[in-house]
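Novice: Got a structure for you, written out below as structure tokens; questions coming shortly.
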Amino acid sequence: MKKLILSIFLFLLLSSFAEAQSHFPSRPINLWVGLPAGGSADVLARALAEASEKILGQKIVVVNKPGGGGTVATSLLKGEKPDGYTLLLTTDTAITRAPHMMDLEYDPFKDVDHFMIIGKWKTVWTVRADSPFKKWSDLVEWAKKNPGQLTFGHCTASSFYFGMVKISQIEGFTFKGVPYACDAPTMTAVLGGHVMVGGGTAAPYRSHVLANNIRIILSDEHIDYVKDRQYTFKDFGYNFEVPLLAIILAPKGIPESVKKTLEKGFLEGMKSETFKRIAAEQEISIVAMTGEKVTDYLRKVSGIYEKLIKDANMHKTQKKQ
Amino acid sequence: MERHNLYSSSLLLAMASLICYKAYRIGLGRPDNPGEGFAPFWISFVLALLSAYLLFGSYLKVMKGRGGPIGVATWRKPVYLLFLLFLYAFLLRFLGFLAVTFLLMLFLLYSFGGESLRKSLLFSVLISFIFYFLFARGLQLPLPTGLIWDYLKPG
Amino acid sequence: MGIAEYIIYGFSVATQPENLFYCFVGVFIGTLIGVLPGIGPTGAMSLLLPVTFHISPVGAIIMLAGIYYGCQYGGSITSILVNIPGEASTVITCLDGYEMAKKGKAGIALGVSTIGSFIAGTLSIFGLMFLAFPIAKFALKFGPPEYFSLVCMGLVILTFLTRGSMLKALMMALIGLFIGLIGLDPFTARPRFTFGFKELMDGVGIVPLVMGLFGVSEILINLEEELTREIYRTQIAGLYRSLKEWVSAKWAIIRGSIVGFIVGILPGGGAVLASFVAYAVEKRFSSTPEKFGTGLIEGVAAPESANNAAAQSSLIPLLSLGIPSNVVMAVLYGGLLIHNIQPGPLLLKEHPDVFWGLVMSMYVGNIMLLLLNLPLIGIWVRLLRIPYKYLFPIVLLFCIVGVYSLNNSIFEIYLMVFFGFVGYLMRKFGFEAAPLVMAYVLSPLLESSFRQSLSLSGGSFSIFFSKPISLSFMAVALFLLLFQIFSAIKKGRMHKSSF
């Protein structure tokens with residue numbers, strides 16, 4: 001038994017060979033992704049890692065830690081060492097929406113650093129090509145005449161849903177939300193005519209819009225692939241924001257010098273052709289916001305969503321129906 | 001099997017009743033908008049009924065003296081392994097993949113396999129290093145490296 | 001261009017040396033991943049995503065797809081040899097495959113699994129070539145009520161799976177349904193039955209569930225006895241005898257292929273559900289259903305053909321509609337997007353090289369897999385000679401690494417060990433795990449389609465019976481259910497062996 005314990009100890013000692021750290025980054029950086037592999041955020045993260053590692057001079061390893069729309073990864077991030085070797089790319093769900101809907105193990109504005117915002121997904125409202133709603137105004141008119149009859153397919157508790165809530169408040173109509181498991185199933189429901197209108201990110205619809213199976217009747221900003229006249233929020237005087245953002249979070253308290261190095265690396269990487277091309281294909285507008293502004297902006301967005309979540313009766317403090 | 005059924009059905013009945021109650025508390029919703037508790041409620045409700053049926057039937061048979069005893073003698077090793085595996089998962093974060101894998105392999109070979117200490121040591125070192133190089137280096141899987149080493153490092 | 005020209009064109013794309021190389025790399029990695037228990041295709045494919053930044057789009061997609069269907073070939077090996085599934089989609093192969101191995105027929109079982117996979121692969125490539133677009137159009141008719149009725153039919157089919165007591169099988173199915181509901185509510189995104197674990201928000205993963213219930217529990221059971229497990233006769237049967245057995249399974253292979261092809265198109269199901277349904281259907285068709293689970297060759301041939309057919313047919317919604325129907329397809333979708341290829345109705349027009357190149361490369365890949373796997377059978381069978389005391393720690397370690405790598409989360413290891421314990425108890429107390437797993441797979445679709453339907457209909461149940469497709473599924477489900485109850489009563493199974 002003595003021998004056994006001694007050998008264990010020796011082995012443990014051997015496997016802890018020391019490694020001197022002089023400057024940042026001296027070893028690979030872990031970029032977590034709070035969403036599953038293959039998704040839009042994952043592809044964006046991999047493109048960013050690929051472009052930025054050349055500038056930072058160290059490998060950036062993309063690690064998927066999916067769960068609860070990024071909230072699981074954010075809770076885990078809270079416990080990581082703030083040395084700049086662990087970062088999290090996720091959507092703003094974990095900061096601006098989920099905390100209003102469920103009890104989480106972290107405070108979105110106290111427990112993590114809001115490192116940067118890198119992009120914003122373009123949001124579209126779509127109908128099938130043979131829909132009687134030729135224009136957005138047709139839909140609004142019909143929905144006003146038939147209260148609660150408009151069926152709207154969307155991703156559960158997403159920015160698209162709360163965007164629709166906001167619009168319905170402005171226009172004064174009511175609708176029936178039918179939640180699907182995000183983009184692909186929502187698109188299926190629109191294509192199959194199971195819902196009258198669907199909401200989601202712009203990229204998956206490209207092929208069907210170009211094949212004239214689906215029409216985009218409203219979007220929050222200009223969509224490059226749409227050839228016809230398009231209607232955006234501006235055309236209807238919707239001057240509010242319901243964004244879906246790609247953000248990078250970090251454990252609280254990263255040294256300033258490390259922060260500067262990372263910022264520079266990522267900002268340079270975002271200027272690369274690969275990153276620009278992949279962001280464009282995913283219909284993501286590149287944002288590149290850093291520093292104090294990020295927290296201020298997220299706080300504002302969080303406030304917008306908190307109100308809408310309460311209006312939709314989905315706030316965690318509200319009694320369920 | 002009758003005595004087995006008596007225990008398993010009691011456990012399932014208790015579990016199902018608990019879920020049923022919880023689901024009811026969560027809320028069943030309305031017909032046009034079934035709530036979060038709707039599906040769990042009905043699923044556990046039917047499960048409770050079936051468990052009760054099984055419980056009743058096996059109770060009758062055990063009463064008639066038809067249930068054999070349950071042996072516990074063979075449970076020692078499986079329970080021991082389960083304990084080791086939980087310990088493995090627990091220590092993984094602190095000691096890192098290489099170290100805990102080595103320890104697990106050592107225990108499995110030494111105390112389960114009945115190998116000599118020398119042989120067990122050799123194989124454990126071999127297996128843990130092969131796995132480490134295959135997955136952490138070869139496939140670039142981010143296996144835990146162990147928090148403890150971060151603190152032991154100078155600087 | 002007519003279809004023949006497209007096929008020739010596809011072949012010319014697939015047989016370019018570069019693409020042949022990527023195809024081989026894909027199927028080779030796939031086979032390896034399939035063999036290793038617990039390690040699935042999703043991880044390997046997402047790891048290779050950045051690599052594909054630098055190679056041609058056709059090559060990239062050929063390689064990624066190769067990993068997925070290559071996996072279906074390798075997955076059955078550990079199922080048959082050590083009763084531990086290599087993939088979630090080869091769980092059901094354990095039932096008869098392992099029994100065959102015990103009888104010294106491991107070689108025949110491995111052979112029928114490879115040949116079945118090959119035939120199924122070939123058949124579904126034809127399906128893919130000629131039917132992809134019409135089928136995709138038809139699939140769009142499936143809204144929430146249709147899916148609900150379809151899942152109800154699936155639940156009835158599930159009752160065919162069981163060998164022992166029907167009552168206990170139903171209880172397990174209900175538990176499976178419940179486990180499938182754990183996680184964020186699909187309508188309100190509020191955590192439900194997560195027992196305070198944040199990691200359970202996205203639900204219980206299928207890999208830790210399956211690896212625990214089947215893999216870890218098998219090891220636990222084996223540990224009860226001394227580790228000098230008998231070494232099964234491992235000689236490979238003569239070619240003639242093997243051939244005779246393989247030919248006898250031809251209808252099982254064809255039925256399995258058809259079932260797999262159809263199930264593979266449905267969302268969420270993929271290869272896992274296909275293998276379960278194929279096994280259940282095969283049992284229903286069989287003249288000796290009571291022999292299933294005792295080492296019947298049909299019990300290996302049908303699910304192994306089905307999972308490969310499903311792996312290939314699940315490409316249909318992705319390629320023709322741009323809709324990824326399961327996690328693996330989502331990764332493939334990501335791979336296409338990286339190269340600015342938008343799968344969907346325009347794929348044929350915009351990128352004929354991708355569509356036809358991929359389809360034809362799958363044919364080439366299946367031939368490669370056949371040539372790769374048949375000679376390997378002899379080597380795999382020899383694995384059985386490794387003493388169990390060395391084999392089980394290594395297998396266990398693969399399971400651990402596999403479940404960890406899913407989400408890079410230690411929690412998944414805990415979950416697997418927990419289900420290992422549950423599976424052990426279930427075996428001790430005479431409960432089967434197969435109905436539980438199948439119900440678990442169906443559960444999320446069952447609930448969300450039910451709630452979506454009622455939300456659309458305003459609370460009226462007539463929505464399930466007023467649409468022709470939905471109504472016919474309901475009718476078939478009812479018919480099968482009555483038939484099942486009737487035959488159970490006739491055999492006295494409901495009463496005799498339920499207690």
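The values are calculated or read from the model by the stated rules, or taken from the named source; none is laboratory data. What you see is a predicted model, and the numbers here were worked out from it, not measured in a lab. Note that each Cβ is placed from the backbone with ideal geometry, even for glycine, and that neighbours are counted across all protein chains shown. For accessibility, only protein heavy atoms count, side chains too; no ligands or nucleic acids. Shrake-Rupley method; radii C 1.70, N 1.55, O 1.52, S 1.80 Å.
Novice: When the chain is fully extended, how far beyond the present Cα-Cα distance does A:Lys134 get from A:Gln230, taking 0.36 nm per residue of separation?
Specialist: Extending this stretch completely gives an extra 33.4 nm.
Novice: Then there is this: Using a simple spin-label model with points 7 Å from Cα along the Cα→Cβ vector, what separation in nm is obtained for C:Phe197 and C:Asn340?
Specialist: Placing both labels 7 Å beyond Cα along the Cβ direction yields 4.5 nm.
Novice: Under 24 Å Cα to Cα from B:Lys61, which lysines show up? Leave out anything in the same chain fewer than 8 places away.
Specialist: C:Lys168, C:Lys428, C:Lys490, C:Lys491, C:Lys496
Novice: Which listed residue (C:Ser313, C:Gly75, B:Pro144) has the Cα farthest towards the positive end of the charge dipole for the protein assembly as shown, taking +1 on Lys and Arg C-beta and -1 on Asp and Glu C-beta about the Cα centre?
Specialist: Checked the options; the winner is C:Gly75.
Novice: Students often get this wrong: which residues of the stretch C:414-442 have the backbone nitrogen under 15 Å from the point 7 angstrom along Cα-to-C-beta of B:Trp75?
Specialist: Residues C:421-430 fall inside that zone.
Novice: Oh, and also: How many Å² of accessible surface get buried when C and B come together, counting both sides, probe radius 1.4 Å, rounded to the nearest 100? Walk me through the numbers before you get to the answer.
Specialist: Numbers: alone 21320 and 11790 Å², together 27560 Å².
The contact between B and C buries close to 5600 Å².
Novice: How large, in percent, is the carbon and sulfur part of the accessible surface of the protein assembly as shown at a probe radius of 1.4 Å? Numbers along the way, then the final one.
Specialist: On the way: 24850 of 37710 Å².
Summing carbon and sulfur atoms, their accessible area is 66 percent of the total for the protein assembly as shown.
Novice: Excluding A:His208 itself, calculate the net charge of residues whose Cβ lies under 11 Å from the Cβ of A:His208, where each Lys or Arg counts +1 and each Asp or Glu counts -1. Display every interim value, and only then the final one.
Specialist: Values: positive: A:Arg128, A:Arg206, A:Arg215; negative: none.
Neighbour charge sum, excluding A:His208 itself: +3.
Novice: By how many nm would the segment from C:Lys250 to C:Arg427 lengthen if fully extended, with 0.36 nm per residue of separation less the alpha-carbon distance?
Specialist: 60.5 nm
Novice: Counting each DSSP H run of 4 or more residues in the protein assembly as shown as -39500 (n - 2.57), what helix-only mean residue ellipticity at 222 nm follows after dividing by all residues, to the nearest 500 deg cm²/dmol? If you can, show how the numbers build up before the last one.
Specialist: Values: 41 runs with 578 residues, N = 975.
Helices in the protein assembly as shown give a 222 nm mean residue ellipticity of -19000 deg cm²/dmol.
Novice: Keeping every protein chain present and rolling a 1.4 Å probe, give me the accessible area per residue for the protein assembly as shown in Å². All intermediate terms of the calculation are to be shown ahead of the outcome.
Specialist: Details: 37710 Å² over 975 residues.
It amounts to 39 Å² per residue over the protein assembly as shown.
Novice: While we're looking at this one, here's another question. Measuring from label point to label point, each 7 Å out along Cα→Cβ, what is the B:Tyr53 to A:Thr174 span in nm?
Specialist: Computed distance between label sites B:Tyr53 and A:Thr174 equals 4.2 nm.
Novice: Assuming R0 = 35 Å, what is the FRET efficiency of A:Lys276 and A:His315, from their Cβ-Cβ distance, to the nearest 0.05?
Specialist: Values: r = 38 Å, r/R0 = 1.10.
According to the calculation, E is roughly 0.35.
Novice: Additional query: Which one of A:Phe160, B:Ile19, C:Pro37 is farthest out on the positive end of the charge dipole of the protein assembly as shown, using unit charges on Cβ (Lys, Arg +1; Asp, Glu -1) and the Cα centre as origin?
Specialist: Positive-end residue among those listed: B:Ile19.
Novice: Using the structure shown, select from A:Lys78/A:Lys264; A:Lys264/A:Lys293; A:Lys316/C:Lys198 the pairs with a Cα to Cα distance greater than 18 angstrom.
Specialist: Too far apart for the 18 Å limit: A:Lys78/A:Lys264.
Novice: Roughly how big is the protein assembly as shown's charge dipole about its Cα centre, with Cβ charges of +1 (Lys, Arg) and -1 (Asp, Glu), in debye to the nearest 20?
Specialist: Numbers: 85 positive and 62 negative charges, 466 e Å.
Magnitude of the dipole: close to 2240 debye.
Novice: Between C:Ile386 and A:Ala211, how high is the FRET efficiency from 1/(1 + (r/R0)^6) when r is the Cβ-Cβ distance and R₀ = 51 Å? Nearest 0.05. It would help to have the intermediate numbers written out before the result.
Specialist: On the way: r = 55 Å, r/R0 = 1.08.
The calculated FRET efficiency here is 0.40.
Novice: List, in the order given, every pair from A:Lys166/C:Lys141; A:Lys135/A:Lys166; A:Lys59/A:Lys259; A:Lys81/C:Lys389; A:Lys120/C:Lys137; A:Lys176/A:Lys227 whose Cα-Cα distance in the structure shown is over 28 Å.
Specialist: Details: A:Lys166/C:Lys141 31 Å; A:Lys135/A:Lys166 19 Å; A:Lys59/A:Lys259 17 Å; A:Lys81/C:Lys389 40 Å; A:Lys120/C:Lys137 32 Å; A:Lys176/A:Lys227 30 Å.
Over 28 Å apart, Cα to Cα: A:Lys166/C:Lys141; A:Lys81/C:Lys389; A:Lys120/C:Lys137; A:Lys176/A:Lys227.
Novice: Gain in length, B:Ile148 to B:Asn33, computed as 0.36 nm per residue apart minus the alpha-carbon separation, to one decimal in nm? Let's see the in-between values first.
Specialist: Details: separation 115, 0.36 × 115 = 41.40 nm, distance 5.07 nm.
Taking 0.36 nm per residue and subtracting the Cα distance, the gain is 36.3 nm.
Novice: Could you check the spin-label model distance between A:Arg27 and C:Glu224? Points 7 Å from the Cα along Cα→Cβ, value in nm.
Specialist: 4.5 nm
Novice: May I pose another question? Give the longest segment of chain C that steers clear of GluC sites (Glu not before Pro) in DSSP loops with at most 16 neighbouring Cβ atoms within 10 Å, not counting the sites themselves. Walk me through the numbers on the way to the answer.
Specialist: Numbers: sites that count: C:Glu225, C:Glu226, C:Glu230.
Here the longest run is C:231-499.
Novice: Let me ask you something else. For chain B, find the longest principal axis of its Cα atoms and tell me its angle to the long axis of helix B:117-131, 0 to 90°, nearest 10.
Specialist: Computed tilt is about 80 degrees.
Novice: Treating only the Cβ atoms of Lys and Arg (+1) and Asp and Glu (-1) as charged, compute the dipole magnitude of the stretch A:123-219 about its Cα centre; round to the nearest 20 debye. The partial results should precede the final answer.
Specialist: Values: 9 positive and 5 negative charges, 21 e Å.
So the dipole magnitude of the stretch A:123-219 works out to roughly 100 debye.
Novice: Can you pull out the buried accessible area for chains A and C, both sides counted, probe 1.4 Å, rounded to the nearest 100 Å²? Provide the component values of the computation, followed by the final result.
Specialist: On the way: alone 15770 and 21320 Å², together 33130 Å².
The summed interface area works out to 4000 Å².
Novice: Can you compute the FRET efficiency between B:Arg93 and A:Asp103 using 1/(1 + (r/R0)^6), with r the Cβ-Cβ distance and R0 = 25 Å? Round to the nearest 0.05. Spell out each step's value before the answer.
Specialist: Details: r = 24 Å, r/R0 = 0.96.
Efficiency, from the Cβ-Cβ distance: 0.55.
Novice: How big is the charge dipole of the stretch B:75-151 about its Cα centre, in debye rounded to the nearest 20, if each Lys and Arg gets +1 on its Cβ and each Asp and Glu gets -1 on its Cβ? The partial results should precede the final answer.
Specialist: Details: 6 positive and 2 negative charges, 39 e Å.
I would put it at about 180 debye.
Novice: If the cut-off is a Cα-Cα distance under 17 Å, which aspartates and glutamates reach A:Lys65, setting aside same-chain residues fewer than 8 apart in sequence?
Specialist: The reachable aspartates and glutamates, counting only those whose Cα sits under 17 Å from A:Lys65, are A:Asp42, A:Glu80, A:Asp92, A:Glu105, C:Glu199, C:Asp202, C:Glu412.
Novice: Between the stretch A:286-321 and the stretch A:73-142, how many Å separate their Cα centres?
Specialist: 9 Å
Novice: With a cut-off of at most 15 other beta carbons within 10 Å, and DSSP calling the residue loop, which trypsin sites (Lys or Arg not before Pro) in the stretch A:120-170 qualify? Please list them. Please list the in-between numbers first.
Specialist: Working: sites: A:Lys120, A:Lys122, A:Arg128, A:Lys134, A:Lys135, A:Lys144, A:Lys145, A:Lys166; in loops: A:Lys122, A:Lys134, A:Lys135.
Filter output for the stretch A:120-170: A:Lys134, A:Lys135.
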